[in-house]
Every structure is written in structure tokens, then in C-alpha cells.
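A.B. asks: The structure is given below, and queries will be raised subsequently.
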Amino acid sequence: RFHFPNNISVFEFHRDSNYSHPIGEINCFYALTECFKTSALQVERNLGFEDYVPLNLKAGEYAILNTSIYKHGDIFNKTNKTRISMDFRFIPDIQLKNNKSSLTKGIKFTSSSYFIKERELKNLI
């Protein structure tokens, strides 16, 4: 994901569950470049309070978050730096019972579509 100066990268503050993501999904937010102040992902500090704080990370650092229940988003990037980050998502198989699909891509939230099993990931490495 790219968060360019004088721009935003996510169009609204949201919970991933608003887009049909399972509640048990865990997100690993990995910073490829420094994320700071207005270029950082803004994350709700206390569930339900919309009290956002920047997720300040150095390049190579990561944060483990439950973005399905905590609201998050971007604000206007007033820095002169582009944030580049990527996300990895994890979920126990037992949480995949709902058989819903991603609203943005239409991909089913299953271990054979949106997610892959840990043993299959090990085979890719």
C-alpha cells in the first residue's frame, strides 16, 4: 500500500469486518518505509472510542492488529515521504465458518482462496 504525500491511501476510517472480513482475522502491518505522524496508519487506541493514534514504525518493523474490530484509516499525509506498507492476514480455521466473500475482490474467506494453510506457506518458502 502506498500513502503518497498530500494524499490518503484508504478512503475512509473503517473496521475490516465492515467489508465482510471475519472477526477472528489478525492483521500483520509491515512497514517497508518509515511510517510516522500523518504518513502512518491511524488506529483506534480504545475499541469504540475513535481515539486514533498514528502507528509509528521504522522500516522493517511490524505491528500485529485486529483490524476487523478496531477502526483504522489514513489522514492527509502532510509529510514529504511516501509510506509503503503491506499486510499479512492470519486466522484460525475455526473462524472461517461464515463462508462470506471479500466485498472488494469477491474472494471467499476460505483456507483455499483468500487464506492459505500454514503448511502450504512453508512449502512456498
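A.B. asks: To two decimal places, what compactness ratio does segment 1-92 give when its Cα radius of gyration is scaled by 2.2 N^0.38 Å?
C.D. replies: Details: Rg = 12.4 Å, N = 92, 2.2 N^0.38 = 12.3 Å.
It is 1.01.
A.B. asks: What does the highest-first list of 62-72, 47-57 look like by mean Cβ count within 10 Å?
C.D. replies: Ranked by mean Cβ neighbours within 10 Å, highest first: 62-72, 47-57.
A.B. asks: Evaluate the charge dipole of the chain about its Cα centre and quote only its size in Debye, nearest 20, assuming +1 on the Cβ of each Lys and Arg and -1 on the Cβ of each Asp and Glu.
C.D. replies: Numbers: 17 positive and 13 negative charges, 48 e Å.
Magnitude of the dipole: close to 240 debye.
A.B. asks: Something else: Rounded to the nearest whole Å², what accessible area per residue is found for the chain with the 1.4 Å probe? Write down the numbers at each step before the final one.
C.D. replies: Values: 7790 Å² over 125 residues.
Here the residues of the chain average 62 Å² of exposed surface.
A.B. asks: Then there's this: Report the relative contact order of segment 22-125, percent, no decimals, based on alpha-carbon pairs under 8 angstrom and at least 6 residues apart.
C.D. replies: Relative contact order, segment 22-125: 32 percent.
A.B. asks: Mark the label point 7 Å from the Cα of Ser101 along Cα→Cβ and return the residues of segment 17-38 whose backbone N is within less than 16 Å of it.
C.D. replies: Residues 19-22 fall inside that zone.
A.B. asks: Still on this model: I'd like to know which of Ile84, Cys35, Ile64 lies farthest towards the positive end of the charge dipole of the chain, counting +1 on Cβ of Lys and Arg and -1 on Cβ of Asp and Glu.
C.D. replies: Comparing the listed Cα positions along the dipole, Ile84 ranks first.
A.B. asks: Also, I was wondering about something else. Can you compute the FRET efficiency between Glu120 and Phe4 using 1/(1 + (r/R0)^6), with r the Cβ-Cβ distance and R0 = 30 Å? Round to the nearest 0.05.
C.D. replies: Working from the Cβ atoms, E equals 0.30.
A.B. asks: Within segment 1-107, what whole-number % of the accessible surface is contributed by carbon and sulfur, with the 1.4 Å probe and all protein chains included in the calculation?
C.D. replies: Here it works out to 56 percent.
A.B. asks: A further question on this structure: Using a 1.4 Å probe and ignoring any ligands, DNA or RNA, find the accessible area of Arg1 and quote it in Å² to the nearest 10.
C.D. replies: 120
A.B. asks: Hey, how many Å between the Cα centroid of segment 69-120 and the Cα centroid of segment 14-36?
C.D. replies: Cα centroid to Cα centroid, the span is 6 Å.
A.B. asks: Number of Lys pairs in the chain with C-alpha atoms less than 21 angstrom apart, excluding same-chain neighbours closer than eight positions?
C.D. replies: Lysine pair count for the chain: 15.
A.B. asks: In addition: Length gain on complete extension for the stretch Asn56 to Ile94, per 0.36 nm per residue less the alpha carbon to alpha carbon distance?
C.D. replies: 10.5 nm
A.B. asks: Using a Förster distance of 35 Å, how high is the FRET efficiency between Phe76 and Ser113, based on the Cβ-Cβ distance and rounded to 0.05?
C.D. replies: Values: r = 35 Å, r/R0 = 0.99.
Efficiency at R0 = 35 Å is approximately 0.50.
A.B. asks: Moving on to the next point. Restricting to bridges with both residues inside the chain, how much of the DSSP beta-bridge set is antiparallel, in percent to the nearest 5? Could the numbers behind the result be given before it?
C.D. replies: Values: 20 of 20 bridges.
Roughly 100 percent of the DSSP beta bridges within the chain come out antiparallel.
The values are calculated or read from the model by the stated rules, or taken from the named source; none is laboratory data. It should be emphasised that the depicted structure is a prediction, and the values quoted were computed from it without experimental measurement. Using ideal geometry, Cβ is built from the backbone for each residue, glycine included, and neighbour counts are taken over all protein chains shown. Note: areas computed on protein heavy atoms with side chains; ligands, DNA, RNA excluded. Shrake-Rupley method; radii C 1.70, N 1.55, O 1.52, S 1.80 Å.
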